[in-house]
Amino acid sequence: MPNADLPSYLSRENVGPWETYLEQVERVAPHLERAYLPWIETLRRPKRSLIVDVPIKLDNGEVAHFEGYRVHHNLSRGPGKGGIRYHPDVTLSEVMALAAWMTIKNAVVQVPYGGAKGGVRVDPKQLSLAELERLTRRYASELNILLGPDRDIPAPDINTNEQVMAWIMDTYSANQGGTATGVVTGKPLALGGSLGRRDATGRGVFIAAREAARRLNLPIEGARVAVQGFGNVGEAAARIFAENGARVVALQDDTGTLHRETGIDVAAARAHRAQTGGLHGCVNADAVSAEAFWQVPCDFLIPAAVENQITEANAGAIRAKVVVEGANGPTTPAADLLLQARGITVVPDVIANAGGVTVSYFEWVQDISSFFWSEMEINQRLDRILTEAFSGIWNVSQARSLPLRTAAFVIGCNRVLEARVLRGLYP
Ligand code: NAD
């Protein structure tokens with residue numbers, strides 16, 4: 001049913017991630033510091049967007065061309081920071097939205113970065129390892145005019161991993177004539193990576209959920225959890241929830257959906273994925289339809305795959321108490337209002353998945369200082385930063401009767417605009 005509270009340009013089927021982000025800015029605008037309002041247009045316009053052609057030689061000798069992007073949404077608070085995604089659906093407007101959410105997220109957790117994001121429109125599953133390396137190195141070379149430890153620092157996102165980051169680091173270093181470990185994060189430990197980075201985003205999802213649960217009087221012990229996406233974020237989140245006594249009752253990836261009321265063995269699901277490439281065919285739970293995932297009764301629903309998964313079409317059927325956004329932009333603006341009306345708490349992406357960039361920041365600090373921390377130190381510092389950031393958001397939400405997303409945007413946007421105003425306009 002069309003939502004009367006939504007502007008008409010946000011037709012239900014037509015909402016892309018960039019429109020979702022613009023709508024989030026509209027919703028926060030009345031709550032920002034008045035002195036910053038003349039600068040709000042800054043948030044609606046990416047600072048710069050680079051579109052690159054990425055030609056590579058395939059193993060069969062033919063040349064294939066792929067389109068790649070890197071967007072600097074806002075650099076007022078520091079160098080650009082944000083992941084690189086390889087996916088057949090990547091578009092410039094998607095990358096713009098992902099970069100913008102990085103701007104807000106970095107400000108919310110107070111890491112000294114602006115917001116950036118990159119992507120290549122490619123299905124990496126169709127490439128050999130050698131082709132993937134050539135694609136990555138060519139893309140990294142094309143981005144060379146933007147990258148640098150004090151300019152723009154990529155990290156992994158969907159379908160990119162430590163190996164891809166190692167190739168980017170090596171390509172940048174070769175072009176510069178020296179080893180520059182601080183140019184990317186999410187690297188292998190052997191190349192200046194950080195302990196705790198691999199699990200950081202999923203761990204952060206758990207910490208944000210735990211902080212929400214504490215305030216809502218929901219116990220984690222015995223809680224039912226449903227996780228969409230069983231990659232870097234979803235797998236770690238599911239595992240850490242289970243380690244803390246929760247029951248993972250549903251899992252979904254792009255190959256299948258699993259349900260078991262008594263709890264899915266996450267380690268067995270992970271082993272199955274390692275063998276077969278996905279959850280499809282995993283025998284330790286019942287296979288159900290993709291739509292059934294959204295109707296599973298649970299305490300915590302964790303979308304940790306791609307954007308636009310919780311929409312007007314399924315938000316009414318969701319039977320969760322709390323939605324914790326492991327993915328970026330998984331909830332459309334219309335679905336957000338529906339969940340709010342139904343009394344379902346949404347812990348927004350800009351805090352829920354900020355664990356990744358927080359430990360990326362730790363990795364960058366360690367690389368720059370060439371001094372490495374223990375995993376315990378990293379996890380403790382991560383916990384402290386996310387707990388404090390969550391607390392700030394919760395307090396604004398309570399004091400001003402705002403949903404958590406708008407409260408997070410109040411904090412993030414005010415910080416970005418404060419930096420913008422202080423820097424002034426040049427020339
Ligand atoms: P990944 O490539 O490791 O895993 C993605 C998972 O999502 C896979 O299991 C895939 O099968 C599943 N998936 C993809 N499309 C799906 C669909 N339509 N339905 C169901 N499942 C689907 O990616 P990731 O790094 O885990 O990223 C997941 C999300 O988390 C993205 O939105 C990303 O931007 C966000 N995120 C990632 C990080 C990070 O550190 N990797 C940090 C912050 C946010």
Scoring only Lys, Arg, Asp and Glu (+1, +1, -1, -1) among other residues with Cβ under 13 Å from the Cβ of ALA320 yields +2
Accessible surface of the range 246-335, 1.4 Å probe, proportion on carbon and sulfur as whole %
51 percent
Would you report the distance distribution of C-alpha pairs in the range 290-427 as whole percents per 5 angstrom bin, up to the bin with the largest distance?
2, 9, 15, 18, 16, 14, 11, 8, 4, 2, 0, 0
Over the chain, what is the mean sequence separation of C-alpha contacts under 8 Å (at least six apart), divided by residue count, expressed as relative contact order in percent?
17 percent
Env charge @ ASP199, Cβ radius under 11 Å, K,R +1 / D,E -1, value +1
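Under the Kirkwood approximation applied to all pairs of distinct alpha-carbon atoms, what is the hydrodynamic radius of the range 25-137 in Å? Don't skip to the end; give the middle numbers.
Numbers: mean 1/r = 0.0647 Å⁻¹.
The answer is 15.5 Å.
Beta carbons within 10 angstrom, averaged per residue: use that to sort the peptides 217-230, 25-38, highest first.
Details: 217-230: 19.9, 25-38: 14.2.
Ranking the peptides 217-230, 25-38 by packing returns 217-230, 25-38.
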Hey, what do the phi angles of the range 231-238 turn into as Karplus ³J(HN,Hα) couplings, whole Hz, using 6.51/-1.76/1.60 and θ = phi - 60°, x for Gly and Pro?
x, 3, 7, x, 5, 5, 4, 4
Of all DSSP beta bridges in the range 47-179, what percent run antiparallel (nearest 5)?
60 percent
Cα-only Debye scattering, the range 200-352: base-10 log of I(q)/I(0) at q = 0.10, 0.13, 0.17, 0.19 Å⁻¹
-0.29, -0.49, -0.87, -1.11
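Within the chain, how many Lys pairs that are eight or more residues apart, or on different chains, come under 13 Å at the alpha-carbon? Please list the in-between numbers first.
Details: LYS47/LYS117; LYS81/LYS105; LYS81/LYS117; LYS105/LYS117.
Within the chain, the lysine pair count is 4.
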At 1.4 Å probe size, with every protein chain present, just tell me what the per residue accessible area of the chain comes to in Å².
41 Å²
Compute for the chain: radius of gyration divided by Kirkwood radius, i.e. Rg/Rh, restricted to C-alpha atoms, rounded to two decimals.
0.95
Classify the range 353-427 as rounded, prolate or oblate, taking a ≥ b ≥ c as the square roots of the eigenvalues of its Cα gyration tensor: rounded when a/c is under 1.5, otherwise prolate if a/b is larger than b/c and oblate if not.
oblate
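Please report the antiparallel percentage of the DSSP beta bridges confined to the range 200-352, to the nearest 5. Walk me through the intermediate numbers first.
On the way: 7 of 22 bridges.
Rounded to the nearest five, the antiparallel share is 30 percent.
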Net charge of neighbours whose Cβ lies under 10 Å from the Cβ of ASP157, counting Lys and Arg as +1 and Asp and Glu as -1
+2
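In whole percent, how big is the carbon plus sulfur part of the accessible area of the range 47-179, probe 1.4 Å, protein atoms only? Present the calculation step by step, with values, prior to reporting the outcome.
Values: 2310 of 4910 Å².
For the range 47-179, the apolar C and S fraction of the accessible surface comes to 47 percent.
Among DSSP beta bridges lying fully in the chain, give the percent that are antiparallel, nearest 5. Don't jump to the answer; show the numbers that get you there.
Numbers: 24 of 50 bridges.
Looking only at bridges with both residues in the chain, the antiparallel portion is about 50 percent.
Calculate for the chain the 222 nm mean residue ellipticity that helices alone would give, adding -39,500 (n - 2.57) per DSSP H run of length 4 or more and normalising by residue count, nearest 500 deg cm²/dmol.
Working: 14 runs with 183 residues, N = 427.
One gets -13500 deg cm²/dmol as the mean residue ellipticity at 222 nm.
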Taking H placed 1.01 Å from N in the peptide plane, check which residues at least 5 places from LEU147 or on another chain put their amide H under 5 Å from its amide H.
none
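Does the range 63-190 come out rounded, prolate or oblate, given a ≥ b ≥ c as the square roots of the eigenvalues of its C-alpha gyration tensor, rounded meaning a/c under 1.5 and, failing that, prolate meaning a/b above b/c? Intermediate results must be reported in sequence, preceding the final value.
Numbers: a/c = 1.81, a/b = 1.24, b/c = 1.46.
Verdict is oblate for the range 63-190.
The values are calculated or read from the model by the stated rules, or taken from the named source; none is laboratory data. Worth saying up front: this structure is predicted, and the values here are computed from it rather than measured. Using ideal geometry, Cβ is built from the backbone for each residue, glycine included, and neighbour counts are taken over all protein chains shown. Remember, those area values only see protein heavy atoms, side chains included, never the ligands or the DNA or RNA. Shrake-Rupley method; radii C 1.70, N 1.55, O 1.52, S 1.80 Å.
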